[in-house]
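Participant: This is the structure I want to talk about, given as structure tokens.
The values are calculated or read from the model by the stated rules, or taken from the named source; none is laboratory data. In this text the structure is predicted, and so the values were computed from the model without any measurement. Heads up, the Cβs are rebuilt from the backbone with ideal geometry, glycines too, and the neighbour counts pull from every protein chain shown. Remember, those area values only see protein heavy atoms, side chains included, never the ligands or the DNA or RNA. Shrake-Rupley method; radii C 1.70, N 1.55, O 1.52, S 1.80 Å.
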Amino acid sequence: PSVGAAITVLSSIVLIAVVRNGLKPVEAIAFAITNIDEHSLEARVPTGRVPVEVSPMVRRLNNLLARLEEAFHRERAFSSNLAHELRTPLAGLRATLEVHRTHEHDEARCERTVNTCLEICGQSETLVENLLALARVGASTFACNKEEVQIDELFKECWQPYADRARERKLQTSFDVPKLSAQTDREVLRVILQNVLSNSVFHSDEGGHLHATVGSIENELSISISNTRNQ
């Protein structure tokens, strides 16, 4: 009996040691997960000594972390872009109101000031709407509806709201936009074009040059817009 009891005890010790050794990779995974937060989403769960049975779970977890990291980067980039893009119209609004405050007020001047402020507010609203739409596109929450789009006509439509402002700023414009059609989402492309054209017009140096080229490269639509800026 004493021999049987000793064997049982020894077997239990061996079994516990084997289980503990087998659980070490799982404990390492748990430790790695515990140390991951919103500030360290670039970290990944190590896969070197992961048991075969746990490997699929670890791969899925690492894929999830990669998607979360991408989403956080996209959110930070959007916030940064929004702050940068809104700085210019807000500065223009402040400057207009400060100049107005230092002058005598007559009806004509008040009307000009109000119209200028309303124009800046309208530009800001359009900018925010475009950025939000682009954020939805980037987050894959925007339904893509492909259709045959006449690119040259859409370009002219998107340019129209900024043509007067370009003339006011004495911008020279040159457009190489041939008749061209493509299968794409019209509204998504419209938002992108309006955002880029708006930036090009309002951030060009006065009297500068704005150039746009539209073409097709290996069955892919290519749109290039450049402008001159003061250094």
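Participant: Quote to one decimal, in nm, the extra length available between residue 175 and residue 100 on full extension: 0.36 nm per residue of separation minus the C-alpha distance between them.
Facilitator: Working: separation 75, 0.36 × 75 = 27.00 nm, distance 3.74 nm.
My answer for the length gained is 23.3 nm.
Participant: Let me ask another. With all protein chains present, calculate the accessible area of residue 146 using a 1.4 Å probe and round the result to the nearest 10 Å².
Facilitator: 150 Å²
Participant: Using each residue's phi in region 107-112, evaluate 6.51 cos²θ - 1.76 cosθ + 1.60 at θ = phi - 60° and report the 3J(HN,Hα) Karplus result to the nearest Hz, with x for Gly and Pro.
Facilitator: Calculated HN-Hα couplings, in order: 4, 5, 5, 4, 5, 5 Hz.
Participant: Let me ask something additional. Using 7 Å Cα-to-Cβ label points, what is the residue 52/residue 224 separation (nm, one decimal)?
Facilitator: Simple spin-label model gives 5.4 nm for this pair.
Participant: Under a plain spin-label model, where a point goes 7 Å from the Cα along Cα-to-Cβ, how far apart in nm are residue 186 and residue 66?
Facilitator: About 3.7 nm, to one decimal.
Participant: Return the distance in nm (one decimal) between the two label points of a simple spin-label model at residue 91 and residue 118, each offset 7 Å from Cα along Cα→Cβ.
Facilitator: According to this spin-label approximation, the distance is 2.6 nm.
Participant: Using a 1.4 angstrom probe with every protein chain in place, what is the largest-first accessible-area order of 105, 39? Before the final figure, lay out the partial values.
Facilitator: Numbers: 105 110, 39 140 Å².
Result of the area sort, largest leading: 39, 105.
Participant: Amide H of residue 173 versus every other amide H placed in the peptide plane: which residues, excluding those fewer than 5 positions away on the same chain, fall under 5 Å?
Facilitator: Correct list: 210.
Participant: How big is the accessible area of residue 44 in square angstrom, nearest 10, if you roll a 1.4 angstrom probe over the protein chains?
Facilitator: 90 Å²
Participant: Please work out the FRET efficiency for the pair residue 31 and residue 128, using the Cβ-Cβ distance as r and a Förster radius of 45 Å; give the result to the nearest 0.05.
Facilitator: Numbers: r = 43 Å, r/R0 = 0.96.
Once the sixth-power term is evaluated, E becomes 0.55.
Participant: Solvent-accessible area per residue for region 146-224 at a 1.4 Å probe radius, Å²?
Facilitator: Values: 4400 Å² over 79 residues.
On a per-residue basis, 56 Å².
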